[in-house]
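Novice: Starting off with a structure, shown below.
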Amino acid sequence: MNVKLANQPLELIHADLTLEFLTASQLETHSHKSLLTQAGFKAEAEQLCPLHEHRLLICGISDVSHENLRSAMATAIKTAMNYGYASIKLSQYGENLFKSLIEGAILGSYQFNSYKSQPKAISLKEVIFSTQNIDKIALNADTLTSILEESIIISNATNFVRNLVNQTPYDMTPQGMAITADSLSKTNNLDCTILDVNGLESEKMNAMLSVGRASINPPRLIHLSYKPKNPKKVITLVGKGLTYDSGGLSLKAAASMVTMKMDKAGGCAVMGVIKAVSELKLDIEVHAFVGAVENMIGGNAYKPDDVLVAKNGKTIEVRNTDAEGRLVLADVLGYAQEKIKADYIFDYATLTGACMVALGPYTTGVMGHNEELKQEWLNAAEKSGEYCGILPFNRHLKKLIKSDLADVCNVSSKPYGGAITAALFLDNFIDEDMKQKWVHFDIAGSAYTESAWDVHTYGGTGAGVRMTLNWLIENCK
Ligand code: BES
Ligand code: ZN
Ligand code: ZN
């Protein structure tokens, strides 16, 4: 969707349709009140009423807020895409709400049609915002322009991630992830290093290699970096990039295996973030590491009972091959910390079903040792339109991943608190000097959806992208 700003009053802008958001009290004094009321319109949240003869689309909102406008814009645009109009125009609702409207329009109009032989043609191509607000007061055009530019970059990066996540495991293999990273590095002027199996062997990344061993699609480690001249901070991002998670020999049940192409969403998210950071030209050095691996079965598969030696030398007792993400991350976190001395290290992973049990299917789990840092992330998420919740560590939970055989076990001895014990497993691979600088994000629920919600439609959501850009912009000045 093409989103534009016109430095004109709304009435002078040429467009096929006008979109208006109305609260119940605004409905009372609206010029089309009787027509709208006859049509059963009550201005309930996201209730839509088209008045085609007036070229108007009215959308209800409970009150004017970021969350309501973002969602309402997405709902309105999805509906408008079913009509035959080519363009839609609307007024401003204040400078600080503009971002939400733009994101609602771009994220809400996203469609993934790569696997449709005959995708439905959509007439709607353009959303035009006036620089005037609903009371016909002109807002600052320069401020609005810079909000528009920033929001377009962030929304497009989110859609870039969605496109990657939505590709089938046949199309998006670890090699495919590496090719994607390589072409991103060329278009966005990033450095790109890819390690193949030989490279992983020389780096002693045996945990990651073991997970990928039974696949005909060999693993790849991707390192993308963006290095501005005088960076304010150095940030490392690590993503779980399981292009397919069958569970391995601890095979998933048939129903749970469906959607496991999304297990690469953390890896895709860090690529989306570095894409946006480079386009926004932020003064922050960013390194994105992705462990791209396929977890399969076969005669040479790694097994429950194996003991793996991770890159940092720690030994891991494998009791469940479906807890593979933490094994891949153990090595990638080790590699990332060895190569880059960063101010912060953040990892993103569709790590546990338990995170969804704890927080529901829309919320990212936030874990780490630094309370203040986690709170910063909660604020960034809230502002960006993502949902985050802190899952607290404690010393008793840590005991649940003790192993009698090796240094640590890859699964917990108790069936509760699985998102936290997974994070506590990762903690074994965070260097002492990075403990307070690390945050782990479990995006198992938030990264993928099979039913539309908020600005999301079926498929990848791009979880992690908006909140991370918000955190970077706010905290690396
Ligand atoms: N990729 C899954 C976690 C997952 C589940 C993500 C559902 C999204 C939706 C992960 O590799 C996994 O299988 N975790 C196991 C861990 C268990 C074996 C300790 C899980 O959550 O069941
Ligand atoms: Zn798994
Ligand atoms: Zn997994």
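The values are calculated or read from the model by the stated rules, or taken from the named source; none is laboratory data. Here the structure is a predicted model, which is why all the values come from computation and not from measurement. Every residue, glycine among them, receives a Cβ derived from its backbone with ideal geometry; neighbour counts consider all protein chains shown. Each accessible area value is taken on the protein alone, full model and side chains, heavy atoms only, with ligands, DNA and RNA left out. Shrake-Rupley method; radii C 1.70, N 1.55, O 1.52, S 1.80 Å.
Novice: Using Cα positions and a limit of under 27 Å, work out the lysines in reach of Lys402, with same-chain residues fewer than 8 apart set aside.
Specialist: Answer for Lys402, where 27 Å is the Cα cut-off: Lys204, Lys240, Lys252, Lys303, Lys311, Lys314, Lys374, Lys414, Lys435, Lys437, listed by chain and number.
Novice: At 1.4 Å probe size, with every protein chain present, just tell me what the per residue accessible area of the range 155-475 comes to in Å². Walk me through the intermediate numbers first.
Specialist: Numbers: 12010 Å² over 321 residues.
Averaged over the residues of the range 155-475, the accessible area is 37 Å².
Novice: Pull up the DSSP beta bridges for the chain and report the antiparallel fraction as a percent, rounded to 5.
Specialist: 40 percent
Novice: Let me ask another. Taking the Cα atoms only, what angle lies between the long axis of helix 174-187 and the longest principal axis of the chain, rounded to 10 degrees?
Specialist: Once rounded, the angle reads 50 degrees.
Novice: Once you have a ≥ b ≥ c as the square roots of the Cα gyration tensor eigenvalues for the chain, tell me rounded if a/c is under 1.5, and otherwise prolate or oblate according to whether a/b is larger than b/c.
Specialist: Since a/c reaches 1.5 and a/b is larger than b/c, the shape of the chain is classed as prolate.
Novice: Hull surface divided by four, with the convex hull built on the Cα atoms of the range 361-411: how many nm²?
Specialist: Result: a mean projected hull area of 4.6 nm².
Novice: Right, something else. Enumerate the calculated ³J(HN,Hα) couplings along the range 454-462 in order (Karplus 6.51 cos²θ - 1.76 cosθ + 1.60, θ = phi - 60°), each rounded to whole Hz, writing x wherever the residue is Gly or Pro.
Specialist: 6, 8, 9, 10, 3, x, x, 9, x
Novice: For the chain, what does the relative contact order come out to in percent, with C-alpha contacts under 8 Å and a separation of six or more?
Specialist: Relative contact order comes out at 15 percent.
Novice: Right, next: Could you tell me the center-to-center distance, by alpha carbons, between the range 216-249 and the range 1-23 in angstrom?
Specialist: Here the answer is 40 Å between Cα centres.
Novice: Excluding residues fewer than 8 places away in the same chain, name every one of the lysines whose C-alpha is closer than 19 Å to that of Lys78.
Specialist: Cross-link targets: Lys4, Lys89, Lys99, Lys116, Lys120, Lys125.
Novice: Here's something else I'd like to know. Quick check: pseudo-label points 7 Å beyond the Cα along Cα→Cβ at Ser31 and Glu450, how many nm apart are they?
Specialist: Each label point lies 7 Å from its Cα, and together they span 4.8 nm.
Novice: Let me ask something else about it. Helix 141-166 sits at what angle to the longest principal axis of the chain, using alpha carbons and giving 0 to 90 degrees rounded to 10?
Specialist: Result, in degrees: 50.
Novice: Right, something else. For the chain, give the percent of accessible area contributed by carbon and sulfur heavy atoms, probe 1.4 Å, rounded to a whole number.
Specialist: 50 percent
Novice: What are the equivalent ellipsoid semi-axes of the range 420-477, built from the alpha-carbon gyration tensor (square roots of five times its eigenvalues), in whole angstrom, biggest first? Each step should come with its number before you reach the end.
Specialist: On the way: eigenvalues 149, 65, 7 Å².
Each semi-axis is the square root of five times an eigenvalue, giving 27, 18, 6 Å.
Novice: Roughly how many Å² of Lys33 are accessible to a 1.4 Å probe, to the nearest 10?
Specialist: Ignoring ligands and nucleic acids, Lys33 comes out at about 70 Å².
Novice: For the Cα atoms of the chain, what angle does the longest principal axis make with the long axis of helix 371-384, in degrees from 0 to 90, nearest 10?
Specialist: Relative to the chain, helix 371-384 is tipped by roughly 40 degrees.
Novice: In deg cm²/dmol, rounded to 500, what helix-only [θ] at 222 nm does the chain give when every DSSP H run of at least 4 residues adds -39500 (n - 2.57) and the total is split over its residues? Numbers along the way, then the final one.
Specialist: Values: 16 runs with 175 residues, N = 477.
That comes out to -11000 deg cm²/dmol.
Novice: Still on this structure, please answer the following. Considering only protein heavy atoms, what per residue accessible area in square angstrom results for the range 2-136 with a 1.4 angstrom probe?
Specialist: Values: 6290 Å² over 135 residues.
That works out to 47 Å² per residue.
Novice: Under a 1.4 angstrom probe, counting protein chains only, how are Tyr170, Tyr85, Tyr115 ranked by accessible area, largest first?
Specialist: These residues rank, largest area first, as Tyr170, Tyr115, Tyr85.
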